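Visitor: Take this structure, written in structure tokens, and hold onto it; I'll ask about it next.
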Amino acid sequence: MSTLVRGTCNESGARTGRDDVLTSVSGPISLNFSKVTRKTSKRRSTITASDVSHIRNIGIISHIDAGKTTVTERILFYSGETHKMGEVHDGQAVMDWMPQEQERGITITASATSCRWGEHRINLIDTPGHIDFTIEVERSVRVLDGAVAIFSAVEGVQPQSELVWRQADRYRVPRVCLINKMDRLGADHEQVLRQMEQRLAARPVLLQLPVGTEGGFSGVIDVIEEDMIVFSETDLGRTVERKPVPSQHEETLRNARMAVTEAAADFDDQVMSDFLEGRAVESQRLKLALRRGTISCRIFPVLLGSALRNKGVQPVLDAVCLYLPSPLDLPAMIGRHPGNGEAESFSCDADLPLRALAFKVMAEEGRRLTYVRIYSGRMKQGASVLNPGRGAGERIRHLFRMHAHRREEVPEAVAGDIVAVTGCQTTLTGDTLCAPEHPLLLEGVAVPEPVVSVAVEAKGSEDRGNLLGTLDYFQWEDPTFRVHEDKETGQTILTGMGELHLEIIVDRLRREYGVQVKTGRPRVVYREALRREVVRREVFQTIAERRPEQAELLLRLTPSSRGSGVRIVLPNPVAPITPELLAAVEQGILEACDGGCLTGYAMTDLEVQVVEVPVEPGVAPSEPALRGAAQRGVVLAAREGEPMLLEPIMKLELETPADYLGKVLGGLQQKRGKVEGLDRRGEVEVVRASVPLAEMFGYMTELRSATKGRGSYTMEFQGFEEAPAEVQERFGLAGKGRSRGMTSGW
Ligand SMILES: Nc1nc2c(ncn2[C@@H]2O[C@H](COP(=O)(O)OP(=O)(O)OP(=O)(O)O)[C@@H](O)[C@H]2O)c(=O)[nH]1
Ligand SMILES: [Mg+2]
């Protein structure tokens, strides 16, 4: 597999020296607007190469319900992209355009949009917070250069906040943070800052102080500029005024500025010496130092606001332009040549050959709309490009700048930009598109493990005809959604991330495609693993084109540690065994592992070594014979290896009022849950536990009734563990320590 290393940003970014970063920032950015002054500049949708330093590709990420879509709606409104402010709770948000999103008040699919802020173009992706749609966050952070991480001032750092933070850490995405919902009862930004330090191991730098608390929250004090920012109540916060800081805040402001200067000092020697000698540091110098710290992911600027009350959003946009990197500030990208795997690094340069990554595919009436991030070169309407991973050519028919569901056609896009294109036939999420004469593979998108399945059956004969085709569209769109047929029952099985994920798919089948289905109960997706090592010699005979063919393999299957997946070890190609023949062997092994050896669930935590491919001198077996030998050999060997079932285990974080703790813990114990930690936050107890997913269907109803509607929980996949003996036996497998060497049935 190809890998791309997105190297660590050093202090100054890998491409630009420290001074370059300084200059790139000082020109276009001005934070000193006193009234609202942001008239949207005349739209120019085509970005030219010279504009790239003004592009910001950002995502909005957070725990469910922290206010991502509400913030995004304000961003579109204040930047002049929309003329009416859409509200999530009215089902009117532009970004939540799917009917299911509008009805449920949650985001389900990441929506891309684009706006101008001063001289900057901000390409923005509003992501969902619900864990079932985590692929949307994953693919977004893979292609974005920066993010706005939102926290609720009341709930603080919630479990899902930790998860998305870790996703952004993995791709080293610089972040500015917004503590939202400052208007709510119990808002406590200092508590959130402490949680960021403790739970995210992050270093937040508070750049604003609140003016007023809870319902009286009316604006913020800008710690760097030392003035107060007030948002008008009469024009939906469009007018922003800067005023002198009221005297009662002066001392707090002095201390806060000192803390900001101390943080900035780590990124600028002059600021350090001014700080040590007690001299005031001018604002611009502080901002530039903070920018370096932010781009290197060593600090995280924090702002305060209440998006719903129209306060604090414009400073977030300013901070995005000021502190987050442009595509030019990023370290060089590294791709691998498809043939020899050799690495090549390249910069964000429109004059280099095209390299782009498809990160999202949407099916619209059977046609594909493919979202791409361009890393180098240009993509033009009508261009022929190569998908090197699939060895397929693609033609770009049209390019669009997306505004949620609305499209605006553009003739071309250059390195650094994000656009959607039509015309791609085979490209899926995580695929590279590049210039045909310069093939290079970029790192794909990590796909999380789908662990819940449901059987569906079409209601009428017409529905039956449409079902599989429509499910195919959904599979293009969503790499965490899989479809297969249960060989025994003939039922169609849908596999996804959770109950909500599958419920939405079934709802979309009905509404968007008019396909009516009956659904079974949700079930967990097990895995097969082996208890002991097996060595097997497989001789496979087949008839091809009326001629008998034979292939022989010596295979060793060794169980490996939990979470290690499947590893295949092939011998070196020695004539007459060619790399193509070994690829056929690998294919056969993968097919066997995917299909499992007894239960139909895929095998995992297994090393398959091809010890030997015996051949008669000079006579090579055929590809189909080798593939067949590998597939059958692995299945039969696995059946001798004391196969067992593994079940998915979830990491659970649950909140309950302290009074109900005993009842909740009792319930978890009955579900084979293991409590790993208890935390008191005010009146609320937070329980961290691991629990088998199989026990958790319908748990929300149970928890609500146990806590009089006041408990809530989130869970994420943690790993697979051996399933209990009753489950093993239900599938015809032996419980721990009891083997039923099953070798028949091939
Ligand atoms: N009081 C208050 N409510 C807010 C604020 N911002 C958002 N909300 C409300 O919080 C709820 C969730 O807001 P969304 O913007 O949908 O949150 P989200 O993060 O996009 O949620 P998901 O996309 O489902 O993860 C809605 O009812 C909003 O009206 C705020 O600043 N103050
Ligand atoms: Mg949302």
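Visitor: Tell me which of these Glu138 doesn't satisfy, since it passes every other one: (1) within 12 Å of ligand 2 (Cβ to nearest atom); (2) under 11 Å from Gly59 (Cα atoms); (3) outside any strand (DSSP E or B).
Guide: With (1) within 12 Å of ligand 2 (Cβ to nearest atom); (2) under 11 Å from Gly59 (Cα atoms); (3) outside any strand (DSSP E or B) applied to Glu138, the lone miss is (1).
Visitor: Modelled with pLDDT of 85 or more, in contact with a Ser or Thr (Cβ under 6 Å, 6 or more places away or on another chain), within 12 Å of ligand 2 (Cβ to nearest atom) and not in a helix (DSSP H, G or I) - does that describe any residue in segment 144-151?
Guide: yes
Visitor: Next question. Please verify whether Phe151 is within 15 Å of the chain's Cα centre (by Cα) and either within 12 Å of ligand 1 (Cβ to nearest atom) or surrounded by fewer than 19 Cβ atoms within 10 Å (Cβ to Cβ) (or both), treating the condition exactly as stated.
Guide: Details: within 15 Å of the chain's Cα centre (by Cα): no; either within 12 Å of ligand 1 (Cβ to nearest atom) or surrounded by fewer than 19 Cβ atoms within 10 Å (Cβ to Cβ) (or both): yes.
Taking the combined requirement at face value, the residue does not satisfy it.
Visitor: Checking Val137 against (1) more than 13 Å from ligand 1 (Cβ to nearest atom); (2) of a type in the set (A, V, I, L, M, F, W, C); (3) under 10 Å from the mean Cα position of the chain (by Cα), which test does it fail?
Guide: (1)
Visitor: Considering (1) within 14 Å of ligand 2 (Cβ to nearest atom); (2) within 24 Å of Ile505 (Cα to Cα); (3) of a type in the set (D, E, K, R); (4) at pLDDT 90 or above, say which one Arg104 fails and leave the rest.
Guide: Only one criterion is unmet by Arg104, namely (4).
Visitor: Return the pair list, or none, for Cβ contacts closer than 8 Å from residues in segment 105-129 that are without any contact (Cβ under 8 Å) to a residue 40 or more places away in the chain to residues that are part of a strand (DSSP E or B), at least 6 apart or on different chains.
Guide: Cβ pairs passing all conditions: Thr107/Asp126.
Visitor: Then there is this: Go through segment 265-280 and report how many residues are charged (D, E, K, R), in a helix (DSSP H, G or I) and surrounded by 12 or more Cβ atoms within 10 Å (Cβ to Cβ).
Guide: 1
Visitor: Take the conditions assigned to a loop (DSSP other than H, G, I, E, B), among the charged types (D, E, K, R) and modelled with pLDDT of 90 or more and apply them to Arg238. Does it pass?
Guide: So Arg238 fits the description; yes.
Visitor: Can you name the residue in segment 178-199 that is within 14 Å of ligand 1 (Cβ to nearest atom) and either under 21 Å from the mean Cα position of the chain (by Cα) or small (Gly, Ala, Ser) (or both) and is also least open to solvent (accessible area, probe 1.4 Å) among such residues?
Guide: Among those residues, the one meeting the criterion is Leu178.
Visitor: Among all residue pairs at least 6 apart or on different chains, which show Cβ distances below 8 Å where the first residue, located in segment 498-509, is of a type in the set (Lys, Arg) and at pLDDT below 95 and the second is assigned to a helix (DSSP H, G or I) and surrounded by fewer than 22 Cβ atoms within 10 Å (Cβ to Cβ)?
Guide: If the second residue must be assigned to a helix (DSSP H, G or I) and surrounded by fewer than 22 Cβ atoms within 10 Å (Cβ to Cβ), the pairs left are Arg508/Gln100; Arg508/Phe474.
Visitor: Restrict the check to segment 118-125 and report whether at least one residue is within 14 Å of the chain's Cα centre (by Cα), within 14 Å of ligand 2 (Cβ to nearest atom), under 30 Å from Thr432 (Cα atoms) and modelled with pLDDT of 85 or more.
Guide: Taking every residue of segment 118-125 in turn, at least one turns out to be within 14 Å of the chain's Cα centre (by Cα), within 14 Å of ligand 2 (Cβ to nearest atom), under 30 Å from Thr432 (Cα atoms) and modelled with pLDDT of 85 or more.
Visitor: A further question on this structure: Considering only residues that are open to solvent by less than 10 Å² (accessible area, probe 1.4 Å), assigned to a strand (DSSP E or B) and modelled with pLDDT under 95, which ones fall in segment 387-419?
Guide: Answer for segment 387-419, where residues must be open to solvent by less than 10 Å² (accessible area, probe 1.4 Å), assigned to a strand (DSSP E or B) and modelled with pLDDT under 95: Arg401, Val410, Ala413, Val414, Val419.
Visitor: Considering each residue of segment 75-101, count those that are near ligand 2 (Cβ under 9 Å from one of its atoms) and among the β-branched types (Val, Ile, Thr), and give that number.
Guide: Of the residues in segment 75-101, the ones near ligand 2 (Cβ under 9 Å from one of its atoms) are 88, 93, 95-96, 101.
Now restrict to residues that are among the β-branched types (Val, Ile, Thr): 88.
Qualifying residue count for the region: 1.
Visitor: In segment 200-213, what count of residues is obtained for those that are under 30 Å from Pro327 (Cβ atoms) and either more than 15 Å from ligand 1 (Cβ to nearest atom) or among the β-branched types (Val, Ile, Thr) (or both)? It would help to see each step written out before you state the result.
Guide: Residues of segment 200-213 under 30 Å from Pro327 (Cβ atoms): 200-208.
Adding the requirement that they be either more than 15 Å from ligand 1 (Cβ to nearest atom) or among the β-branched types (Val, Ile, Thr) (or both) leaves 200-207.
Residues meeting the conditions: 8.
Visitor: Give the residue that is farthest from the chain's Cα centre (by Cα), with candidates limited to residues of segment 45-74 that are aliphatic (A, V, I, L, M) and away from ligand 2 (no atom under 13 Å from the Cβ).
Guide: Ala49
Visitor: Out of everything in segment 462-497 that is among the polar types (S, T, N, Q) and under 20 Å from Val445 (Cα atoms), what residue ends up being farthest from the chain's Cα centre (by Cα)?
Guide: Thr495
Visitor: When residues of segment 283-332 are filtered for being assigned to a loop (DSSP other than H, G, I, E, B) and either away from ligand 1 (no atom under 16 Å from the Cβ) or open to solvent by less than 10 Å² (accessible area, probe 1.4 Å) (or both), how many remain?
Guide: Residues flagged as assigned to a loop (DSSP other than H, G, I, E, B) and either away from ligand 1 (no atom under 16 Å from the Cβ) or open to solvent by less than 10 Å² (accessible area, probe 1.4 Å) (or both) within segment 283-332 amount to 13.
Visitor: Within segment 207-217, can you find the residues that are touching a residue at least 60 places away in the same chain (Cβ under 8 Å) and open to solvent by 40 Å² or more (accessible area, probe 1.4 Å)? Show your work before the answer.
Guide: Step one: of segment 207-217, the residues touching a residue at least 60 places away in the same chain (Cβ under 8 Å) are 207-210, 217.
Selection gives nothing.
Yes or no, residue by residue, for (1) touching a residue at least 12 places away in the same chain (Cβ under 8 Å); (2) part of a loop (DSSP other than H, G, I, E, B); (3) surrounded by fewer than 17 Cβ atoms within 10 Å (Cβ to Cβ):
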{"residue": "Leu626", "(1), (2), (3)": "yes, no, no"}
{"residue": "Pro648", "(1), (2), (3)": "yes, no, no"}
{"residue": "Val664", "(1), (2), (3)": "yes, no, no"}
{"residue": "Leu668", "(1), (2), (3)": "yes, no, no"}
{"residue": "Arg672", "(1), (2), (3)": "yes, yes, yes"}
{"residue": "Ala689", "(1), (2), (3)": "yes, no, no"}
{"residue": "Phe697", "(1), (2), (3)": "yes, yes, yes"}
{"residue": "Met700", "(1), (2), (3)": "yes, no, yes"}
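Visitor: Cβ-Cβ under 7 Å, sequence separation 6+ or interchain: first residue in segment 77-98 and over 18 Å from Leu124 (Cβ atoms), partner within 13 Å of ligand 1 (Cβ to nearest atom) and among the acidic types (Asp, Glu). Which pairs?
Guide: From residues that are over 18 Å from Leu124 (Cβ atoms), the pairs are Gly91/Glu103.
Visitor: Run down Leu440, Leu399 and say which single residue is at negative phi and in contact (Cβ under 8 Å) with a residue 24 or more places away in the chain.
Guide: Leu440
Visitor: A further question follows. Could you look through segment 546-565, keep only residues that are among the hydrophobic types (A, V, I, L, M, F, W, C) and modelled with pLDDT of 95 or more, and pick out the one that is surrounded by the fewest Cβ atoms within 10 Å (Cβ to Cβ)?
Guide: Leu554
Visitor: Could you go through segment 156-165 and let me know if any residue there is within 15 Å of ligand 2 (Cβ to nearest atom) and modelled with pLDDT of 95 or more.
Guide: no
Visitor: While we're on this one: Go through segment 446-461 and count every residue that is under 19 Å from the mean Cα position of the chain (by Cα) and either open to solvent by 20 Å² or more (accessible area, probe 1.4 Å) or on the phi > 0 side of the Ramachandran plot (or both).
Guide: Count: 4.
Visitor: Of everything in segment 182-206, what is more than 24 Å from Leu236 (Cβ to Cβ) and touching a helix residue (DSSP H, G or I) at 6+ places or on another chain (Cβ under 8 Å)? Give them in sequence order. Full working, then the answer.
Guide: Taking segment 182-206 and keeping what is more than 24 Å from Leu236 (Cβ to Cβ), we get 186, 188, 190-206.
Gly186, Arg199, Leu200, Ala202, Arg203, Pro204, Val205, Leu206, listed by residue number.
The values are calculated or read from the model by the stated rules, or taken from the named source; none is laboratory data. All values derive from a computational prediction rather than experimental measurement. Glycine also receives a Cβ, built like all others from the backbone with ideal geometry; neighbour counts cover every protein chain displayed. Ligands, DNA and RNA are excluded from the accessible area calculation, which covers all protein heavy atoms including side chains. Shrake-Rupley method; radii C 1.70, N 1.55, O 1.52, S 1.80 Å.
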